[in-house]
Amino acid sequence: MCIRDRGKPSPTLAGSTVTLADQFYVLITHFHQDVTNACLMLSTTPARVAHIGDRVGSLEVGKKANVLLLNGEMNTIVRSLIYGKWVEAAPYRMLKPSHL
């Protein structure tokens with residue numbers, strides 16, 4: 001929730017432009033989460049909170065899924081499987097947050 005001037009809450013939600021890939025990088029590098037735990041935090045938890053865990057959030061038969069392949073340093077997405085199809089795209093280097 002956003003806070004208006006004088007500390008009163010507003011009816012709007014706070015937002016961000018950070019990607020899940022960048023959040024993954026922060027979890028494994030700055031918060032020392034293992035890869036499995038970081039993946040769970042960024043896939044199953046949002047799906048469960050949004051009440052769509054029966055359709056997305058894990059790799060299971062019948063669910064929609066996206067898979068990202070990372071390089072060995074875990075800082076660049078090298079390939080993407082989106083809804084069962086490989087997508088041609090330039091590698092995406094994950095951002096290093098300046099505040100951590």
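Couple of notes before you dig in:
- Using only side-chain charges placed at the Cβ, +1 for Lys and Arg and -1 for Asp and Glu, the dipole size of the range 20-100 relative to its Cα centre rounds to 200 debye.
- Total formal charge among the other residues, if their Cβ is under 11 angstrom from that of residue 53, Lys/Arg +1 and Asp/Glu -1: +1
- Multiplying the residue separation of residue 51 and residue 86 by 0.36 nm and removing their Cα-Cα distance gives an extension gain of 9.9 nm.
- Label zone at residue 74, where the point sits 7 Å out along the Cα-to-Cβ direction: the range 22-51 residues whose backbone N lies under 12 Å: 24-40
- Note that the range 47-100 shows a convex hull volume over its alpha carbon atoms of 117 Å³ per residue.
Each reported figure results from applying straightforward, stated rules to the coordinates on display, with no laboratory input. Remember, predicted model here, so these are calculated numbers, not experimental data. Positions of Cβ are generated from backbone atoms using ideal geometry, with glycine treated the same way; all protein chains shown enter the neighbour counts.
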